Amino acid sequence: MDFNDSAEEAAFRAEARAWLAAHAPAHELPVGAKMPDTEEADRGRAWMRELYAGGWSGLTFPKELGGRGASGIEAVIFAEEEGKYPLPKGPFTSIGTGMALPVIAKHGTAEQKARFIEATLKGDITWCQLFSEPAAGSDLAGLRTKASRADDGSGDWIVNGQKVWSSWAHLTDWGILVVRTDPTVPKHKGLTFFVVDMKTPGIETRPIRQISGASEFNETFLTDVRIPDANRLGAEGEGWACCMTVLMGERLGSGAHRSGIEPLLDYAAATSDGHGGTMLDDRAVRLQFADALADEQGERFFQARLRTMVSRGENPGALAGMVKLAYAGRYQRTNGLALELRGLSGIAPDMDDTATGDVQYDYIYSTVMRIAGGADEVLRNQIAERVLGLPGEMRMDKDVPFEALKG
Amino acid sequence: MNFDLSDEQKMLGEQARALLADLSPFDRLRGLIDSGAEWDEPLWRALAEMGFLGAAIPEDHGGLGLGALDLGVIMEALGGANAAVPFMSSIILGAEAIRLAGSEAQKAAWLPKLASGDAIATFAYAEGPGSAFATGATLDGGQLSGSKLPVADGGIADIAVVLVAGGGFALVELNQPGVTRTRLDSFDQLRPHYRLDFADAAAEAMPGAGKLDRLIDQAAVQAAFEAVGAAEACLHMARDYAMDRQIFGRPLGGFQAIKHKLADIAVATELARSNAYYGGWAAESSPDDLPAAAAAARLSGIKCFEMAARENLQVHGGIGYTFEANCHFYYRRERLLAVHLGNRGFWADRLLNAQPGAQGKAA
């Protein structure tokens, strides 16, 4: 057991560090600056171009497809080093690199690869994900957006329906889209996967007013949207396999979040207990923060174990969901606790209190973490079934044609 | 980075599990309880023969000179079997206290015997309710006075390392007129605890000063390994029962109320295991990181075993409340492991105090 880098890893880290030191500072986001999302996206594209020019884009992507061909552990090292700079990274570029590229590389034709991969690695094309629907979230295969062939003999597809939670759909160039093309077969079998130009007539994105006050998610309405058959990924009816490729990438990616209890400890230490001490002297507070801190450390070292597996070419599978499950609940619990420390002033802080707003935001945002990228309940099922070997869920819709399902 | 046990360590764990599966099945534990036994002496002899007792004792004192992670895989196996042996008392605490704080003569006199299993040590730190690590006992001119209680394995130990006034350790042989041992009713029926009264008992000071923190940090890591092994045993017992038991026309384990509960225990156990690994690594290779690593491992070990011991019995339903089922061994031991070596609050303070910055200054 060794927590330190191997010689090869250390050499890779040094190379990454040197390159980042030379190129990252020019792309740093100004501290505390609120900027229009268009500017944030433009800055994200510029950083992608820089990465591509330096040979750091698509780290684990094969060289022949324009990537670096690095190992999983090298990608982790690069992410650690890159994470030391406040860079414009986010869904507006990571959906492309983390979701669109893997599915295009695995299921796309030679023409599709040539058209999209390099452009995405360079930041010239950005992507959104058109998967979830108002009535299809954890049960994604129950989606209803439908596509049928145009009746003009062109072979084009005409798509109608509604997607939701499509991050940055209003600013991205292309979308990865899964739709129902055959309602006469069971739900997983009637799906087909497309890439769609977001400027196609009939696509309307509307920002969702979220409980945080921000609007980075959208609902996307598709009305008689015409998609050429050349933009179909994989065969008709193979949409579910494409979705799995995408979702595997999402799950591994979502393990990478950090919560940081340390700022909350500082927040407690800066909060008077009314008796000459701070809220960090309070027994109940100490016990709960210590419990969360032990979890946080456990998550970090569990990730280190998973990375060791990845570096050996093993697939952590459902184990990867454990980190996200632990993290999301803890993130909510600790910020909820922090919001109690200042009593009523946690709800309505005085004008000179600049710290409570972050706690409030994190408490609101923690709800997203428990739902997105595999809801707590879905992850628990996966762990129970794939790690512990417990029986799968009863599926009332198995082998039933989609059009015969209630709903 | 290579954050996994070595192949040798995995093999060591396999050997320990195989030995325990052979010699310490649940019926054996039931027999020990029924006969009021102090411990499982044949198992102890077998552990000695395999070299497990001396795993981390230096080679020049009759051990194998291995490290904290090697010891950890053995502790994990012992926790999994709920074994009735004084490994924590004699090896993790007693032998290590002597190694850390003993004189060369004390090491030479006792470490080889502890490694071979010919002598048993215990660490006497509590003095009734109150501070976990109490210093009311006194060592004055080679004479030890005061009372220590409860002391694990106090009935079978040949020597005790006693925490005394000033925070130092006294080494005392327990078979002498100045020592009275009284067996207490122990909630964990497989690990008897004693009251030890010292009336001017002959004892030696141990020269190493200020070793308590290091000793209990290392022991906390080992306790985490023990808890992880025990939690995993409970998790697997519950899983196997839930797969087998049919209810409402399907396996009990197919219900989300059961699946989700067991998934949560699996997560807690893996986090604790990860903390234990890191604690073992820190104990061997990065001592400055040990205090925080040990406290985190200790807390997450307590947490996962608490969940697992309770919910294992719950998943079994009524049968879990019978002596013939095996849930109760862990259900009782869990409470012991939750409070020995300092309880949750004690380790919560140590974890927070080990954090950098302003937050470490509180309490």
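Bear in mind these aren't lab numbers, they're just calculated from the coordinates by the rules spelled out. Small disclaimer: the values here were computed from a predicted structure and weren't measured. Using ideal geometry, Cβ is built from the backbone for each residue, glycine included, and neighbour counts are taken over all protein chains shown.
Quick note on segment B:212-361: its Rg to Rh ratio, both from C-alpha atoms and Rh being the Kirkwood radius, is 1.07. Calculated over segment A:128-237, the projected area of the Cα convex hull averaged across directions stands at 6.9 nm².
Per DSSP H run of n ≥ 4, the term is -39500 (n - 2.57); total these for chain A, divide by its residue number, and report the mean residue ellipticity at 222 nm rounded to 500 deg cm²/dmol. Intermediate values should be presented prior to the final figure.
Details: 12 runs with 168 residues, N = 407.
Calculated at 222 nm, the ellipticity per residue is -13500 deg cm²/dmol.
The Cα atoms of segment A:160-224 cover 41, 25, 16 Å along the three principal axes, with the biggest extent listed first.
Provide Rg over Rh for chain B; use the alpha carbon set for both Rg and the Kirkwood Rh (inverse mean inverse pair distance). Walk me through the numbers on the way to the answer.
On the way: Rg = 20.3 Å, Rh = 20.8 Å.
Using only Cα positions, Rg/Rh for chain B is 0.97.
DSSP beta bridges fully contained in segment B:114-185 are about 60 percent antiparallel. Extents of chain A, largest first, come to 80, 52, 46 Å (Cα atoms, principal axes, whole angstrom).
Per-residue ellipticity at 222 nm, computed for chain B from helices alone with -39500 (n - 2.57) per DSSP H run of at least four residues, works out to -16500 deg cm²/dmol. For segment A:363-407, GluC sites (Glu not before Pro) meeting the loop criterion (DSSP other than H, G, I, E, B) and having at most 15 other Cβ atoms within 10 Å: A:E393. Remark: segment B:149-161, residue by residue, has Karplus-estimated 3J(HN,Hα) of 6, x, 10, 5, 6, x, x, 10, 6, 8, 9, 10, 8 Hz, where x stands for each Gly or Pro and the curve is 6.51 cos²θ - 1.76 cosθ + 1.60 at θ = phi - 60°. Exceedance of the 30 Å cut-off in Cα-Cα distance is limited, within the set A:K163/A:K406; A:K84/B:K261; B:K10/B:K303; A:K398/B:K261, to A:K84/B:K261.
Could you state the per residue volume, in Å³, of the convex hull enclosing the Cα atoms of segment A:1-153?
190
Please compute the net charge surrounding B:I265, taking Lys and Arg as +1 and Asp and Glu as -1 over other residues with Cβ under 13 Å from its Cβ.
Values: positive: A:R380, B:R239, B:K259, B:K261, B:R273, B:K303, B:R310; negative: B:E232, B:D264, B:E270, B:E306, B:E311, B:E334.
It works out to a net charge of +1.
Each peptide among A:62-69, A:217-224, A:24-31, A:35-42 gets the average number of other Cβ atoms lying within 10 Å of its residues, and from highest to lowest they stand as A:217-224, A:62-69, A:35-42, A:24-31.
Beyond 27 Å, what share of the Cα-Cα pairs of segment A:257-387 remains, rounded to the nearest whole percent? Beyond 27 Å sits 29 percent of the P(r) for segment A:257-387. Each residue of segment A:10-20 was assigned a 3J(HN,Hα) from its phi angle through the Karplus expression (A = 6.51, B = -1.76, C = 1.60, θ = phi - 60°), giving 5, 5, 5, 5, 5, 5, 4, 4, 5, 5, 5 Hz with x at Gly and Pro. Converting phi to 3J(HN,Hα) with the Karplus coefficients 6.51, -1.76 and 1.60 and the offset θ = phi - 60°, segment B:106-114 yields 5, 4, 5, 6, 10, 4, x, 6, 5 Hz in sequence order, with x at every glycine or proline.
For segment B:121-205, what percent of Cα pairs sit more than 16 Å apart? If you can, show how the numbers build up before the last one.
Details: 1534 of 3570 pairs.
Percent of Cα pairs beyond 16 Å in segment B:121-205: 43.
GNM remark for chain B: springs join alpha carbons under 10 Å apart, and the peak mean-square fluctuation among B:G51, B:G167, B:G130 falls on B:G130.
Compute the orientation-averaged projected area for segment B:7-116 from the convex hull of its Cα atoms and round it to one decimal in nm². It would help to have the intermediate numbers written out before the result.
Details: hull surface 26.5 nm².
With every direction weighted equally, the projected area is 6.6 nm².
Straight-distance candidates among the aspartates and glutamates for linking to A:K189, with alpha-carbon spacing under 16 Å and chain neighbours fewer than 8 residues away dropped: A:D139, A:E236, A:E238, A:D397, A:D399, A:E403.
The alpha carbons of segment A:7-89 give a radius of gyration and a Dmax of 13.4, 43 Å, in that order.
The lysines whose alpha-carbon is closer than 18 Å to the alpha-carbon of A:K113, local same-chain residues fewer than 8 away aside, are A:K63, A:K122. Positive end of the dipole of the protein assembly as shown (Cβ unit charges, origin at the Cα centre): among B:A276, B:Q222, A:I104, the Cα lying farthest that way belongs to A:I104.
Take every Cα-Cα pair in the protein assembly as shown and report what % of them are more than 43 Å apart. Can you show the working numbers first?
Details: 111863 of 296065 pairs.
Of the Cα pairs, 38 percent sit more than 43 Å apart.
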